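The structure under discussion appears below in the form of structure tokens.
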Amino acid sequence: IGFLSELVGLILKRPFFRQVGFMLLLLSALGAVAAWFSGRLAGDGMDEGSLGRALLAHMEAAYWAIGAIMGATVLRSVASIFHLHARSLKWIALIGFALALIAIARTGYLGGQLVFQHGAGIQLGLDTFQSDDTLNGNKEP
């Protein structure tokens, strides 16, 4: 939404849409940092086998995403703080925003692969299954 708002603001020359895009970019940067920290905590101990390789790919994508969103945020912030209105700078910032969007989408895709293909974070709870004897009233499993 932030990217689309920024794009509409540039095309229609409407400051409101550019401001909304900028605020959403800032929120996205904060969200990306929070996601990175929570992902680091969730990924502890998953560093072997195919799960470890998938986690490494997700982490590398996350580094690219953080770099892209921070780069776009810094560029857009500098332009906003110093009131730089050069059209080329605005388009460069938009391209940075687009790259950040792509990087975050890729990171999310790889995160989904971790869960749905590799079972990361899934607890089967096999110890909670009861045998037929337990279900029929026999107290010993």
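The values are calculated or read from the model by the stated rules, or taken from the named source; none is laboratory data. Everything numeric in this text was worked out from a predicted model, so none of it was measured. Don't worry about glycine lacking a Cβ; one is built from the backbone with ideal geometry, like all the others, and counts go over all protein chains shown. Ligands, DNA and RNA are stripped out before the accessible areas are found, and what is left, the full protein with its side chains, is counted by its heavy atoms. Shrake-Rupley method; radii C 1.70, N 1.55, O 1.52, S 1.80 Å.
Filter the stretch 34-47 down to residues that are surrounded by 12 or more Cβ atoms within 10 Å (Cβ to Cβ) and assigned to a helix (DSSP H, G or I) and give me whichever is modelled with the highest pLDDT. Going through the qualifying residues, I end up with Ala35.
Residues that are of a type in the set (Phe, Trp, Tyr) and open to solvent by less than 50 Å² (accessible area, probe 1.4 Å) within the stretch 76-101 comprise just one, Phe97.
Every listed requirement among (1) closer than 25 Å to Ile95 by Cβ; (2) part of a helix (DSSP H, G or I); (3) open to solvent by 70 Å² or more (accessible area, probe 1.4 Å) is met by Thr73 save one, (3).
Please count how many residues of the stretch 10-30 are open to solvent by 40 Å² or more (accessible area, probe 1.4 Å) and either assigned to a helix (DSSP H, G or I) or among the acidic types (Asp, Glu) (or both).
Here the count works out to 13.
Does Gly52 qualify as being of a type outside the set (D, E, K, R), in a helix (DSSP H, G or I) and modelled with pLDDT under 85? Judged against the criteria, Gly52 is a match. Pairs are defined by a Cβ separation below 8 Å, a sequence spacing of at least 6 or placement on different chains, a first member in the stretch 50-66 that is open to solvent by 40 Å² or more (accessible area, probe 1.4 Å), and a second member that is polar (S, T, N, Q); the pairs so defined are His58/Thr107; His58/Gln113; Trp64/Thr107.
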